[in-house]
Amino acid sequence: MAGIYLHIPFCVRKCAYCDFVSFAEGCVPEGYVEALLTELELVARGGGYPAAFDTVFFGGGTPSLLSGAQMKTILDALRVHFAIRADAEISMECNPGTVSPEKLAAYRAAGINRLSIGLQSTHDVLLNEIGRIHHFAQFLETLSSARAAGFDNINVDLMHGLPNQTLEQYLDSLKTVCDLGVQHISAYSLILEEHTPLYFRVEKGEVALPDEDTVADMQDAGIEYLEQRGYHRYEISNFAQDGFECRHNRNYWDNGEYLGFGIAAHAAVRQGRWTRFANVDSLDEYYRLLARGKRPLAETIRLTQRDEMFECVMLGLRLVRGVERARFFARFELDIAEAYPLAMEKLRKRGWVIETEQAIALNSKGLDLQNEALGFFM
Amino acid sequence: MAYPNELIRNFSIIAHIDHGKSTLADRMMEQTDTVAMRDMSEQLLDSMDIERERGITIKSSAVRMFYTHTDGKRYMFNLIDTPGHVDFNYEVSRALAACEGAVLVVDATQGIEAQTLANVYLAVDNGLEVVPVINKIDLPSAEPERTAQEIEDVIGIEAHSAPKISAKSGLNVDQVLSAVVNTVPPPVGDPDAPLTALVFDCFYDNYKGALSYVRVFDGTVKEGMRIRSMATGHEFEVTEVGVFTPAPMAVDELTAGEVGYIAASIKSVAETKVGDTITSAEHPASKPLPGYKQANPMVFCGIYPADGAQYGDLRDALDKLKLNDASLSYEQETSNALGYGFRCGFLGLLHMEIIQERLEREFDLDLVTTAPSVIYKIKRTSGEEEMIDNPSNLPSVTEIEQLEEPVVNATIMTPSEYVGALMEICQERRGVFVDMNYIEESRVRMHYILPLNEIIYDFFDQLKSRSRGYASFDYELKGYEKSDLVKLDFLLNGDMCDALSTIVHRDRAYAKGRAVAEKLCEVIPRQQFEIPVQAAIGGKIIARETVRAVRKDVLAKCYGGDITRKKKLLEKQKEGKKRMRQVGTVSLPSDAFMSVLRIN
């Protein structure tokens with residue numbers, strides 16, 4: 001498995017909790033698309049990447065600010081420079097309020113076959129509180145347009161732990177979305193990141209976030225509810241109907257190879273040693289380097305085998321299935337339990353681990369306290 | 001060649017915080033062309049970052065300048081700066097011992113403050129001539145005549161002809177220079193007599209080693225001479241003598257009456273003692289100069305490195321600070337929660353804060369500090385008496401016959417409208433009212449006897465906030481008084497944490513125990529299990545709170561392939577854990593130990 005990630009760092013407006021690299025613009029500047037094309041070409045020419053790719057993912061920002069034509073240009077170029085498998089999963093993030101039925105049809109025609117819609121909540125009061133630009137009604141329009149355009153693999157993002165959100169409101173959002181019959185649900189907690197507008201408002205006491213216990217209750221109740229409705233939990237915050245797990249994200253958690261394009265994008269490939277690349281996170285710098293025919297890299301990290309091993313654990317233990325022993329052995333010629341005897345002992349003592357012949361996985365208690373568990377492996 | 005004594009003037013400036021001492025010193029340096037205007041960074045004498053930021057002077061600092069008087073003669077001024085805060089009385093007395101006069105700066109909008117008064121008395125006791133100066137007359141609320149009257153009434157020196165200046169604008173600063181020549185007597189001393197030089201400060205210079213700041217009373221000191229410390233008997237060879245301009249500048253010699261520094265290849269910091277008399281090894285003086293009021297530490301706390309591996313660095317840093325600050329004391333101690341560290345003694349709370357800040361800033365150390373304590377006097381049932389500066393060393397109740405605590409005579413000066421509020425604070429702090437009088441119609445001086453342990457934390461802040469910053473405060477140790485004190489302990493998940501123990505009055509123990517337990521519950525992060533937090537007096541539990549177990553620690557979704565970010569978070573978590581202190585089964589963040597104080 002191998003994937004390609006493209007970062008579209010533009011939004012109509014930045015949300016109050018967002019600390020991703022993005023800029024408020026009504027559309028994606030042509031210059032950015034051209035720069036992306038240059039970067040694709042440069043990387044393709046440089047070599048040292050997988051022979052074929054199974055997934056493509058447009059993340060942001062708001063990738064749905066791309067026009068249908070821009071999307072087609074990028075996807076066409078991707079296919080020119082890289083071998084994208086015929087059955088590849090090609091996803092994009094899409095925000096309600098930024099797409100028309102025509103645009104969705106154009107995306108579909110260009111080759112997008114999976115949509116990830118950033119709904120976050122079905123309650124307009126809460127959406128307003130966190131600075132989202134859309135209303136629930138707009139989401140419904142987007143969803144039906146998407147279906148009309150032929151999308152049959154759709155994810156919806158929902159958040160809990162929002163300012164003033166109650167457990168009932170959260171479960172109500174889940175129910176509404178399940179009733180709509182989407183294939184995949186990402187249910188994650190609001191993380192209060194420093195230097196975001198929401199952070200300052202909370203600091204000043206202007207808004208109150210639900211306390212730790214309430215957030216934990218929301219998460220637990222959410223997991224139980226989604227399982228009941230046929231969305232099985234396959235990763236800490238991801239739920240899917242059978243056969244609809246996100247292959248692109250699965251590849252991250254399997255610590256597979258991927259390329260990344262656009263500002264602040266990341267990549268990981270095997271070039272002798274396991275190597276990670278991070279692109280610069282300023283637009284000016286990104287344009288400047290590409291104009292001079294240089295890859296816009298901020299950082300290249302060559303990992304030791306031990307670091308690579310830890311990454312496999314760190315990512316794999318997010319999956320309910322856990323770290324697959326055979327895969328781990330094939331990569332390091334070592335069994336995971338032998339590689340980390342002390343950590344395994346601690347996990348057993350806490351009663352957080354499920355050990356089978358196939359995999360080492362955290363049980364639900366272990367998943368709840370995954371950071372603590374990972375500490376054992378460091 | 002020696003500078004004629006009659007043209008030398010050695011003096012200090014005494015002032016309350018913010019009354020403009022450092023600004024006046026700056027202007028004097030400017031007007032005597034000691035420092036070119038363009039080199040002036042504000043408040044040149046306050047060379048430590050902390051001094052400039054807090055707007056206070058901590059260390060004495062000395063500078064030489066030359067002033068051409070109206071009589072056409074060129075006078076050498078040696079200005080020795082003094083701190084204004086009550087904690088640093090000791091440093092003031094050191095500086096004054098090196099001078100013949102003191103410039104008293106009083107803010108024309110505020111009048112005399114309690115600490116100024118204490119320092120002026122010190123100067124008068126030392127036989128210094130006082131030159132009153134009324135500052136800030138450019139402010140609309142200035143009342144120079146009334147301030148002059150107050151100086152005459154309270155201190156008893158003539159003040160109506162005192163220079164009325166604005167140190168900020170430089171207005172009439174020339175009158176101050178002139179008054180120094182006319183009022184401060186020249187030093188008397190014999191350049192040919194055996195050397196006696198008083199060490200009034202020292203400073204560790206990375207290149208020159210330990211520099212002793214001296215006032216030469218008799219004789220001459222120059223490079224190459226062998227000198228002897230009269231306190232230790234150790235002998236050294238002088239490698240350099242110099243003066244402060246204010247940067248150190250080497251000179252050929254320092255003679256009787258002059259102020260400057262001696263560098264003498266003194267390697268170990270312990271070999272230099274402030275208050276010492278230096279004499280010639282060949283022709284020693286028969287007796288040392290009179291010492292001055294020794295400062296005794298009154299406030300104690302434990303200082304530990306946040307990372308146990310930094311213990312050695314902490315010791316070296318304390319050694320170095322001690323060189324600059326004779327009033328700091330420390331000895332090694334160990335705690336079950338904090339490992340190896342030091343029990344440090346300070347003159348007062350500001351002194352404690354400043355030392356902590358300097359350790360962290362200048363030596364780049366991360367520290368854990370325990371709640372400050374005073375020295376208690378214990379009479380055991382066996383009849384033995386003992387002094388205890390660490391609550392965790394207090395013997396069990398059954399072994400104690402009687403406990404005594406230090407009390408101070410406190411002077412508070414305040415505009416009369418705040419009297420009620422300030423009396424309330426003193427009452428809350430177990431103060432005993434002594435007397436109160438009006439220094440003028442709207443200003444009052446109050447005397448209280450207060451237990452020292454009631455004023456070592458936030459008394460001063462409270463005083464300031466309840467008087468809108470107008471009240472000032474000074475204290476001196478009165479002695480020990482019997483008191484009904486108990487040791488308040490804290491247990492975390494059943495294990496006692498020695499570093500959290502405090503000694504409090506019995507009447508307050510319950511309220512304090514409950515408040516601290518609640519506070520601890522706020523600062524102790526939730527852990528994998530439930531943690532009972534208990535307060536106890538002599539084994540009896542008086543309060544209990546619970547830190548609930550953590551339920552989830554992983555909430556984030558993984559960000560689009562940005563694995564480094566997640567790894568950094570995990571590393572931060574690990575670093576944070578390393579900085580936590582282990583008490584039995586419970587991890588405690590470093591600031592928990594100080595948070596015990598922040599309780600109302």
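Determine the dipole magnitude for region A:224-378: charges of +1 sit on the beta-carbon of Lys and Arg, -1 on that of Asp and Glu, nothing else is charged, the reference point is the Cα centre, and the result goes in debye to the nearest 20. Walk me through the intermediate numbers first.
Numbers: 23 positive and 23 negative charges, 78 e Å.
Computed about the Cα centre, the dipole is about 380 debye.
Sorted by accessible area (1.4 Å probe), largest first, how do B:505, A:81 line up? Could you put the intermediate results ahead of the total?
On the way: B:505 30, A:81 60 Å².
The most accessible residue leads, giving A:81, B:505.
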(request) Give a residue-ordered list of calculated ³J(HN,Hα) values for region A:285-299 (Karplus: 6.51 cos²θ - 1.76 cosθ + 1.60, θ = phi - 60°; whole Hz; x for Gly, Pro). (result) 5, 4, 5, 4, 5, 5, 4, 8, x, 10, 5, x, 8, 9, 7
(request) Please list, in chain and number order, the residues 5+ apart from residue A:359 or on another chain whose amide H is under 5 Å from its amide H, with Hs placed from the backbone. (result) A:325
(message) Using only DSSP helix segments of four residues or longer, with each worth -39500 (n - 2.57), what per-residue ellipticity at 222 nm results for chain B after dividing by its residue count and rounding to 500?
(response) -7500 deg cm²/dmol
(message) Rounded to the nearest 10 Å², what accessible area does residue B:106 have for a 1.4 Å probe in the complete protein model?
(response) 0
(message) For residue B:330, what accessible surface area do you get with a 1.4 Å probe? Give it in Å², rounded to 10.
(response) 60
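So which trypsin sites (Lys or Arg not before Pro) in region B:332-383 are both in a DSSP loop and have at most 13 other Cβ atoms within 10 Å of their Cβ?
Numbers: sites: B:343, B:358, B:361, B:377, B:379, B:380; in loops: none.
Counting only loop positions with at most 13 other Cβ atoms within 10 Å, none of the trypsin sites (Lys or Arg not before Pro) in region B:332-383 qualifies.
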(request) Would you tell me the accessible area of residue A:123, worked out with a 1.4 angstrom probe on the heavy atoms of the protein chains, in Å² to the nearest 10? (result) 40
(request) Provide a list, ordered by number, of residues in region A:295-329 showing at least 40 Å² less accessible area with every protein chain present than when their chain is taken on its own, using a 1.4 Å probe. (result) A:314, A:318
(message) From the P(r) of region A:35-154, could you give the percentage of C-alpha pairs in the tail past 21 Å?
(response) 42
(request) Principal axes first, then extents: for the Cα atoms of chain B, list largest minus smallest coordinate on each axis, whole Å, largest first. (result) 82, 68, 59
(message) Net charge within 9 Å of residue B:110 by Cβ-Cβ distance, Lys/Arg positive one each and Asp/Glu negative one each, not counting residue B:110 itself?
(response) -2
(request) Considering the options B:515, B:528, B:580, tell which one lies farthest towards the positive end of the dipole of region B:459-600, charges being +1 on Lys and Arg and -1 on Asp and Glu at the Cβ, about the Cα centre. (result) B:528
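Take every DSSP beta bridge with both residues inside chain A and express the antiparallel ones as a percent of the total, to the nearest 5.
On the way: 24 of 57 bridges.
For chain A, the DSSP antiparallel bridge percentage is about 40.
DSSP loop GluC sites (Glu not before Pro) in region A:6-50 with at most 16 other Cβ atoms within 10 Å of their Cβ, which ones? Don't skip to the answer; put the middle values down first.
Numbers: sites: A:25, A:30, A:34, A:39, A:41; in loops: A:25.
Hits after loop and neighbour filter: A:25.
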(request) Please give every one of the lysines within straight-line cross-link reach of residue A:349, meaning a C-alpha to C-alpha distance under 30 Å, and leave out same-chain neighbours fewer than 8 residues apart. (result) A:365, B:552, B:557, B:566, B:567, B:568, B:572, B:574, B:577, B:578
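What average count of beta carbons from other chains do you get within 10 Å of the Cβ of residues in B:566-573?
Working: counts 6, 7, 0, 2, 8, 2, 0, 5.
That works out to 4 on average.
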(request) Return one number: the angle in degrees, 0 to 90 and rounded to the nearest 10, between the long axis of the Cα atoms of helix B:173-183 and the longest principal axis of the Cα atoms of chain B. (result) 70
(message) Students often forget the sequence filter, so: which lysines lie under 21 Å Cα-Cα from residue A:103 once same-chain residues fewer than 8 apart are removed?
(response) A:72
(request) Give the long-range amide H neighbours of residue A:160: residues separated by 5 or more places, or on another chain, with amide H under 5 Å away, using H modelled in the peptide plane at 1.01 Å from N. (result) A:188, A:189, A:190
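Could you give the accessible area per residue of the protein assembly as shown, probe 1.4 Å, as a whole number in Å²? It would help to have the intermediate numbers written out before the result.
Working: 39760 Å² over 978 residues.
On a per-residue basis, the protein assembly as shown sits at 41 Å².
Taking a probe of 1.4 Å and counting only protein heavy atoms, give the total accessible area buried between chains B and A in Å², rounded to the nearest 100. Walk me through the numbers before you get to the answer.
On the way: alone 26400 and 16590 Å², together 39760 Å².
Result for this pair: about 3200 Å² buried.
Carbon and sulfur together cover what percent of the accessible area of region A:77-168 at a 1.4 Å probe radius? Could the numbers behind the result be given before it?
Working: 1740 of 3360 Å².
C and S fraction of accessible area: 52 percent.
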(request) State, as an integer percentage, the relative contact order of chain A based on alpha-carbon contacts under 8 Å between residues 6 or more apart. (result) 15
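Could you order B:107, B:495 by accessible surface area, starting with the largest, using a probe radius of 1.4 Å? Working shown, then result.
Values: B:107 5, B:495 60 Å².
Listed by decreasing accessible area, they come as B:495, B:107.
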(request) Read phi for every residue in region B:219-230 and hand back ³J(HN,Hα) as whole Hz from Karplus 6.51 cos²θ - 1.76 cosθ + 1.60, θ = phi - 60°, with x for Gly and Pro. (result) x, 9, 10, 9, 4, x, 6, 8, 10, 10, 7, 6
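Using a 1.4 angstrom probe on the protein heavy atoms only, could you order A:64, B:587 from most to least accessible area? Before the final figure, lay out the partial values.
Numbers: A:64 0, B:587 30 Å².
Greatest to least solvent exposure: B:587, A:64.
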(request) Return the long-range amide H neighbours of residue B:527 (sequence gap of 5 or more, or a different chain), with a cut-off of under 5 Å between placed amide H atoms. (result) B:550
(message) Give the lysines whose C-alpha is closer than 30 Å to that of residue B:377, dropping any in the same chain fewer than 8 places away, or say none.
(response) B:273, B:293, B:322, B:478, B:482, B:487, B:512, B:519, B:540
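Among residues other than residue B:65 whose Cβ falls under 12 Å from its Cβ, what is the net charge (Lys/Arg +1, Asp/Glu -1)? Can you show the working numbers first?
Numbers: positive: B:9, B:27, B:64, B:74; negative: B:26, B:30, B:33.
Result for the neighbourhood of residue B:65: +1.
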(request) Measure nothing but the geometry: give the 0 to 90° angle between the long axis through the Cα atoms of B:21-31 and the longest principal axis through the Cα atoms of chain B, rounded to 10°. (result) 30
(request) Quick one: what are the phi-derived ³J(HN,Hα) couplings along region A:4-17, Karplus 6.51/-1.76/1.60 with θ = phi - 60°, whole Hz, x for glycine and proline? (result) 10, 10, 10, 9, 10, x, 10, 9, 4, 7, 7, 6, 5, 9
(request) Excluding residue B:330 itself, calculate the net charge of residues whose Cβ lies under 15 Å from the Cβ of residue B:330, where each Lys or Arg counts +1 and each Asp or Glu counts -1. (result) -2
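The values are calculated or read from the model by the stated rules, or taken from the named source; none is laboratory data. Just so it is clear, the structure is predicted and the values come from calculations on it, not from any experiment. All Cβ positions, glycine included, derive from the backbone under ideal geometry; neighbour counts span all protein chains shown. Ligands, DNA and RNA are stripped out before the accessible areas are found, and what is left, the full protein with its side chains, is counted by its heavy atoms. Shrake-Rupley method; radii C 1.70, N 1.55, O 1.52, S 1.80 Å.
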